[in-house]
Amino acid sequence: TEAMDKIKIPLDKKYPPAENAQRYYKRYSKLKNAHSLLLKQIPETNDEIEYLENVLNSIDNCTEVIELEEIKEELIKEGYLKGKIKKKKKKKAMSKPYHYLSSDGSHIYVGKNNKQNDYLTLRFAHKEDLWLHVQKMPGSHVIIKSDNKKVSDTTLEQAAMLAAYYSKGKRSTNVPVDYTEKKNVKKPKNAKTGMVIYEDFSTIFVTPNKEQIENRVGGN
């Protein structure tokens, strides 16, 4: 066997060798427990950062007071703000996502906040509809209604443009946008509002352009 290098371990002269060893063992145990705790806390903290950045993106996308109220209620529900959520009336008004028509007449919907994102993805979209989202950054959920037809490359590009424009990558170039059928998008158990996971996707690269969105796609 190969000879192992000797390691000199400093001892505290105030304590006998046995107690020095015991103190080192206690320190090792604390560091081991801290390491295990960090392995759990780091991904949880990263998820929380991702969620809060999505909330900031939602605030940027708001165009009506009711949408800001929905964000406030969401933050109370998730425990970030103190307060009580107002009791719902029989039919409480819900804010509406952006609705666009592509140049070939396909319907495209864009969520302005997490409540709208959940509604579009989990309730509104059919399993064959296309779902889009910028890759690995905060952004809106985008739905292309397929109506059981193949989505054209033109509509896909314009929907990707919307996904990039209503995201943190709004002022970037060559923004990667993932797209997949809605059936491949899932909401994990206990996930925060608007947070989903997806698989079996493709990616398209687009550069957001406000003028193209307003003039070529058109919407309300």
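Values quoted throughout were computed directly from the atomic coordinates according to the rules given, and no laboratory measurement underlies them. Note that the structure is a prediction, hence the values are computed from the model and not measured. Please note: Cβ atoms are built from the backbone with ideal geometry, for glycine as well, and neighbour counts cover all protein chains shown.
Residue 184: net charge of surrounding residues, Cβ under 12 Å, Lys/Arg +1, Asp/Glu -1, itself excluded? With Lys, Arg at +1 and Asp, Glu at -1, the neighbours total -2. Among residues other than residue 36 with Cβ under 15 Å from its Cβ, the summed charge is +2 (Lys and Arg +1, Asp and Glu -1). Modelled this way, with points 7 Å down the Cα-to-C-beta line, the labels at residue 72 and residue 201 are 3.2 nm from one another. Cα centroids of region 56-81 and region 7-43: 45 Å apart. From the square roots a ≥ b ≥ c of the eigenvalues of the alpha-carbon gyration tensor of region 92-220, which class results: rounded (a/c under 1.5), prolate (a/b over b/c), or oblate? Verdict is rounded for region 92-220. The relative contact order of the chain, computed from alpha carbon pairs under 8 Å that lie at least 6 residues apart in sequence, is 18 percent. Once the chain from residue 123 to residue 15 is taken as fully extended at 0.36 nm per residue, the excess over their C-alpha distance is 32.2 nm.
Stretched out fully, how many nm does the piece from residue 154 to residue 22 gain, at 0.36 nm a residue minus the Cα gap? Provide the component values of the computation, followed by the final result.
Values: separation 132, 0.36 × 132 = 47.52 nm, distance 6.97 nm.
Full-extension gain reported as 40.6 nm.
In this simple spin-label model, placing a label point 7 Å from the Cα along the Cα-to-Cβ direction at both residue 211 and residue 99 gives a separation of 2.9 nm. With a Förster radius of 41 Å applied to the C-beta separation of residue 59 and residue 29, the computed FRET efficiency comes to 0.35.
Counting Lys and Arg as +1 and Asp and Glu as -1, what is the net charge of the other residues whose Cβ lies under 10 Å from the Cβ of residue 57?
Values: positive: 112, 168, 170; negative: 53, 60.
The answer is +1.
Solvent-free Debye calculation, one equal scatterer per alpha-carbon of region 2-132: log10 I(q)/I(0) at 0.10, 0.15, 0.16 Å⁻¹ equals -0.58, -0.91, -0.99.
What ratio of Cα Rg to 2.2 N^0.38 Å holds for the chain? Dividing the Cα radius of gyration by 2.2 N^0.38 Å gives 1.46. Take the Cα of residue 8, step 7 Å toward its Cβ, do the same at residue 189, and the gap between the two points is 5.5 nm.
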